[in-house]
Amino acid sequence: MKQRTLLPMEAKLVAELPAEGGWQFEPKWDGFRALVSKRGRVVEILSKSGKPLGRYFPEIVAMLGAVDCDDVTLDGELILPIDGVLSFDALQARLHPASSRIARLSDETPAQLMLFDCLMLGGEDLLDTPLTRRRAALETFHASARVAALRLSDRTQDMAVARSWLARGGAALDGVIAKRLDGPYRAGERAMLKVKHHRSADCVIGGFRRTADSQGAASLLLGLYDDDGRLNHVGFTSGIAAAERGTMLRRLEPLIEQPGFTGKAPGGPSRWNSDADSRWEPLRSELVVEVLFDQVTGDRFRHGTKLLRWRPDKLPSQCTMEQLRYAVRPADLSTV
């Protein structure tokens with residue numbers, strides 16, 4: 001098996017988990033997907049896109065280097081718990097050019113490797129074998145390694161358990177994965193299914209951006225209040241139907257008023273957008289909407305959100321940052 005040409009098996013996004021039998025469900029942890037191999041004394045960690053990650057996680061390289069197994073390839077997720085809670089921010093902080101900083105962080109906040117598949121063990125290629133056999137090999141490797149930083153991901157064939165993970169996954173999960181028990185490892189293919197973990201939050205509209213012709217609202221800028229009563233920009237929602245953008249603009253224009261956001265405000269132009277793209281208009285803090293989101297990074301929605309409904313029954317002051325701080329420890333989801 002040539003590790004450099006091997007791509008991870010990926011998942012197709014679906015609305016519901018499969019109800020028929022023959023599937024294994026696993027948590028989709030919120031971390032960095034990684035294919036990890038050890039050949040003799042050489043340890044390699046590759047990202048989902050095939051880029052080397054080893055220099056950013058020297059503690060994982062050292063840990064695997066000490067494991068008594070010289071020919072193994074594993075699929076997993078690099079995770080970084082702080083006080084037991086997974087931190088995507090701390091993972092991103094590792095992607096730094098300074099080796100001295102990486103060394104310090106790896107000592108202060110060591111990462112872990114959450115394992116969920118085994119592609120080779122003891123030189124035996126397992127790619128074409130069913131998941132049941134690969135999982136047995138993975139459990140054999142994990143039991144023999146006896147290293148705390150090597151975690152074995154939970155699994156279940158019980159739909160009720162899988163749905164409970166989605167319901168209470170919090171910031172630890174990106175969703176739930178479904179894999180065929182009799183399926184091989186189809187590298188580079190979307191051969192798994194994934195249902196994303198979503199939550200909703202009530203947010204104040206602190207500003208908006210116009211369409212290119214200025215005749216409609218292109219996106220709403222979302223804000224939440226912190227403990228000091230400041231309205232911080234936490235993300236946006238842009239899924240406004242073309243036919244509704246003009247009506248939306250007419251609803252917003254009477255509320256245009258400085259400053260809009262009194263804490264963290266939307267950024268200006270960058271290498272990724274022009275001055276016109278980044279221009280926004282502030283609003284008086286009166287309108288509240290409920291939005292659907294998946295993950296949070298640095299007290300902001302990591303991705304764009306989906307507008308669910310207007311909340312005229314909700315006071316803007318009730319829209320606080322606490323809605324983003326729902327953290328679950330991996331141990332809370334254990335089926336053991």
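The values are calculated or read from the model by the stated rules, or taken from the named source; none is laboratory data. Worth saying up front: this structure is predicted, and the values here are computed from it rather than measured. For neighbour counting, all protein chains shown are included, and Cβ atoms are generated from backbone atoms with ideal geometry for every residue, glycine included.
Annotations for the structure displayed:
- In the set (1) over 25 Å from ASP71 (Cβ atoms); (2) modelled with pLDDT of 95 or more, LEU173 fails one condition alone, (2).
- Residue that is under 17 Å from LEU115 (Cα atoms), assigned to a strand (DSSP E or B) and of a type in the set (Asp, Glu), where the choices are ASP154, ASP174: ASP174
- Test: PRO18 is under 25 Å from MET192 (Cβ atoms), touching a strand residue (DSSP E or B) at 6+ places or on another chain (Cβ under 8 Å) and in a loop (DSSP other than H, G, I, E, B): yes
- For segment 245-267, a residue qualifies if it is over 24 Å from the mean Cα position of the chain (by Cα) and under 14 Å from PRO282 (Cβ atoms), and the qualifying residues are LEU252, GLU253, PRO254, LEU255, ILE256, GLU257, GLN258, PRO259, GLY260, PHE261, THR262, GLY263.
- A search for C-beta distances below 9 Å between a residue of segment 115-144 that is touching a residue at least 60 places away in the same chain (Cβ under 8 Å) and any residue that is exposed (fewer than 14 other Cβ atoms within 10 Å of the Cβ) and in a strand (DSSP E or B), counting only pairs 6+ apart in sequence or on different chains, returns LEU119/ASP125.
- Residue within segment 78-86 that is over 30 Å from LEU126 (Cα atoms), small (Gly, Ala, Ser) and either under 20 Å from the mean Cα position of the chain (by Cα) or at pLDDT below 95 (or both) present: yes
- Taken over segment 186-244, residues that are of a type in the set (S, T, N, Q), assigned to a strand (DSSP E or B) and over 20 Å from the mean Cα position of the chain (by Cα) amount to 2.
- Residue in segment 67-89 that is part of a helix (DSSP H, G or I) and either surrounded by fewer than 16 Cβ atoms within 10 Å (Cβ to Cβ) or free of Cβ contacts under 8 Å to residues at least 24 places away in the same chain (or both) present: yes
- Qualifying residue in segment 196-204 (condition: modelled with pLDDT of 95 or more and either closer than 30 Å to ASP299 by Cα or surrounded by 19 or more Cβ atoms within 10 Å (Cβ to Cβ) (or both)): yes
- Filtering segment 35-62 to residues that are of a type outside the set (Gly, Ala, Ser), free of Cβ contacts under 8 Å to residues at least 60 places away in the same chain, within 20 Å of THR109 (Cβ to Cβ) and out of contact with any Gly (no Cβ under 9 Å at 6 or more places or on another chain) leaves LEU53, ARG55, TYR56, PHE57, PRO58.
- Condition broken by SER238, with the remaining ones in (1) touching a Gly at 6+ places or on another chain (Cβ under 9 Å); (2) at pLDDT 95 or above satisfied: (2)
- Test result for ALA143, more than 30 Å from TRP23 (Cβ to Cβ) and either of a type in the set (Ser, Thr, Tyr) or out of contact with any Lys or Arg (no Cβ under 6 Å at 6 or more places or on another chain) (or both): no
- Of the residues in segment 183-194, at least one is buried (at least 18 other Cβ atoms within 10 Å of the Cβ), touching a helix residue (DSSP H, G or I) at 6+ places or on another chain (Cβ under 7 Å), modelled with pLDDT of 95 or more and under 30 Å from GLY21 (Cα atoms).
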